[in-house]
Amino acid sequence: MLSRHIRYFQAVAEHLSFTKAAAALHVSQPALSQLVKQLEEELGVQLFDRTGRTTRLTDAGDAYLQYVRRAAQELQEAKRAIHDVRDMSRGSLRLAMTPTFTTYLIGPLVGAFHSLYPDITLNVREISQESIEEQLLAGELDIGIAFGKVSSPDIEAIPLLDETLALVVSTGHRLAEEKSVGLNTLNAESLVLLSKEFATRDQIDGYCRQHGIHPKVLMEADALGAVIEIVRSTSLSTLLPAKTAVARDNLVAIALEPERLTRTAVLMRRRDAYQSYAARVFIELAAEVSEQLSA
């Protein structure tokens, strides 16, 4: 655990207020101010600018805060390392994936892991790729599953499988019997798509720009389940992984021709993060399950 002086400094730095930090720590403001002052004297620098109406970090304080945060994160990882049990009789794993994977990958993967290690607690989140990267870097996740391009050099991306997006329609749609459609047909379609905050939408928009087509996007949704139900209940179509249709009733996937929309699914982890035994086993199992799904 970080020393009390450093914890108090961090609280003031996060709140930028001695009053709010004292309330959060359940200590008196004079006691908090005294300990921060002692830390400043020990370091020989002023950490906070107290001259204005608001408390601000000095340049030295801002630099010191970066190291304090890093130390707190590493101490938390050290605590997890101490409780890492190789026989997998207990432990936890924090996993996140982008929404499209929930339709066909999360079930087989988590099912296989749980059947082998039923005592490991899994925390599974469905969030955007940007949020996955942010939480990996912050030490709030162990593993993420998303797509090939990552923004930070501090995140390692391990290829899992190649995914093909297709035109997905209901079984009652006028194109439901088609095996493939050309760009002109796609251009004439009325679509419901995931909203622009999703990586899948970026890839769809990029594909359309590349081929100079402009299908009508009549609806947007910020949940994959909503997109699927709208397709089931209307004459609208969507663009989603072909495996989505295979995993759901009353949906049909129609290939895009002549050039298909493909992407690589990757497993992401922070390069310098402690990898628990549960995380290492999960990574190995993810590769096996992905190979089976690709077959």
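Let me know the charge dipole size of the range 4-82 about its Cα centre in debye, to the nearest 20, where only the beta-carbon of Lys, Arg (+1) and Asp, Glu (-1) is charged.
300
On a C-alpha basis, how far is the centre of the range 5-56 from the centre of the range 144-215 in Å? Whole number, if you could?
Computed from Cα coordinates, the inter-centre distance equals 50 Å.
Choose one of THR264, PRO118, THR100: the residue whose Cα lies farthest towards the positive end of the charge dipole of the chain (beta-carbon charges +1 Lys, Arg; -1 Asp, Glu; about the Cα centre).
Looking along the dipole axis, the top candidate is PRO118.
Excluding residues on the same chain fewer than 8 positions from LYS149, give the lysines whose Cα lies under 20 Å from its Cα.
LYS196
Quick check: convex hull of the Cα atoms in the range 1-160, volume per residue, rounded to a whole Å³?
Numbers: hull volume 25.9 nm³, N = 160.
So the per-residue hull volume is 162 Å³.
With +1 on the Cβ of every Lys and Arg and -1 on the Cβ of every Asp and Glu, and nothing else charged, how large is the dipole of the chain about its Cα centre, in debye rounded to the nearest 20?
560
Please give me, ordered by residue number, the GluC sites (Glu not before Pro) of the range 97-151 that lie in loop per DSSP and have at most 11 other Cβ atoms within 10 Å. Numbers along the way, then the final one.
Numbers: sites: GLU126, GLU130, GLU133, GLU134, GLU140; in loops: GLU140.
The qualifying sites: there are none.
Determine the gain in length on full extension of the stretch ARG7-LYS179; use 0.36 nm per residue of separation and subtract their C-alpha separation, reporting nm with one decimal.
55.7 nm
What residue among SER235, ASN184, ILE132 has its Cα farthest toward the positive end of the dipole of the chain, where the charges are +1 on Lys, Arg and -1 on Asp, Glu, each on the Cβ?
So the residue we want is ILE132.
Straight-line reach from LYS37: which aspartates and glutamates have Cα under 13 Å away, leaving out those fewer than 8 places along the same chain?
Within the straight-line cut-off, LYS37 pairs with ASP49.
Kirkwood Rh and Cα-based Rg: tell me the resulting Rg over Rh for the range 164-261, rounded to two decimals. Walk me through the numbers on the way to the answer.
Working: Rg = 11.9 Å, Rh = 13.1 Å.
Rounded to two decimals, Rg/Rh equals 0.91.
FYI, it's all coordinate maths here, none of it is from the lab. None of the values given here were measured: they were computed from a predicted structure. Reconstructed Cβ throughout: ideal geometry from the backbone, glycine too, with neighbour counts over all protein chains shown.
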